[in-house]
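Below is one structure; the comments refer to it alone.
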Amino acid sequence: ETDKEVVLRAELPGVASEDVDISFKDNMLTISGEKKSEAECSEEGYRHTERTYGSFRRSLTLPTNIETDKIDATFKDGVLTVRLPKTETAQARHIKLRKA
């Protein structure tokens, strides 16, 4: 978390970007998705196929107000990065002291 935004990074190895869903409602960020993989090995006399599937869902309540129309998400090399900009009122302010 910085003064201006909350940044979330999640490692999602083996998950395709089209299998990830991100939603935000009432200061709750939810990331869900499904991992699908299939491996096949064929040699003389036998054939082996293995399929694995698994779904996940994580919800996080954020402690500050977020500008929902400016949320940005990127997915590169199995790492999801979600940037959630804080509203003007939620940003930290520095107040300069005046001499009395």
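The values are calculated or read from the model by the stated rules, or taken from the named source; none is laboratory data. This structure is a prediction, so every number in the text was calculated from the model and none was measured. Here the Cβ positions follow ideal geometry from the backbone for every residue, glycine too, while neighbour counts run over all protein chains shown. The area values use the complete protein model at the heavy-atom level, side chains included, leaving out ligands, DNA and RNA. Shrake-Rupley method; radii C 1.70, N 1.55, O 1.52, S 1.80 Å.
Under the condition of being open to solvent by less than 100 Å² (accessible area, probe 1.4 Å) and acidic (Asp, Glu), the residues counted in the stretch 1-39 number 5. Any residue at all in the stretch 46-65 that's of a type in the set (Lys, Arg) and out of contact with any Asp or Glu (no Cβ under 8 Å at 6 or more places or on another chain)? There is at least one residue in the stretch 46-65 that is of a type in the set (Lys, Arg) and out of contact with any Asp or Glu (no Cβ under 8 Å at 6 or more places or on another chain). The sole residue among Thr49, Thr61 that is surrounded by fewer than 10 Cβ atoms within 10 Å (Cβ to Cβ) and touching a residue at least 24 places away in the same chain (Cβ under 8 Å) is Thr61.
Okay, residues lined up against (1) in contact (Cβ under 8 Å) with a residue 12 or more places away in the chain; (2) open to solvent by less than 50 Å² (accessible area, probe 1.4 Å):
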residue: Gly54; (1), (2): yes, yes
residue: Arg57; (1), (2): yes, no
residue: Ile66; (1), (2): yes, yes
residue: Asp69; (1), (2): no, no
residue: Asp77; (1), (2): no, no
residue: Pro85; (1), (2): yes, yes
residue: Ala90; (1), (2): yes, yes
residue: His94; (1), (2): no, no
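Conditions (1) of a type outside the set (Gly, Ala, Ser); (2) in a strand (DSSP E or B), marked per residue:
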| residue | (1), (2) |
| --- | --- |
| Lys35 | yes, yes |
| Thr49 | yes, yes |
| Phe56 | yes, yes |
| Thr64 | yes, no |
| Thr74 | yes, yes |
| Leu80 | yes, yes |
| Ala90 | no, no |
| His94 | yes, no |
| Leu97 | yes, no |
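Under 30 Å from Arg93 (Cβ atoms) and either in a loop (DSSP other than H, G, I, E, B) or at pLDDT 85 or above (or both): does that describe Thr2? Yes: the conditions hold for Thr2.
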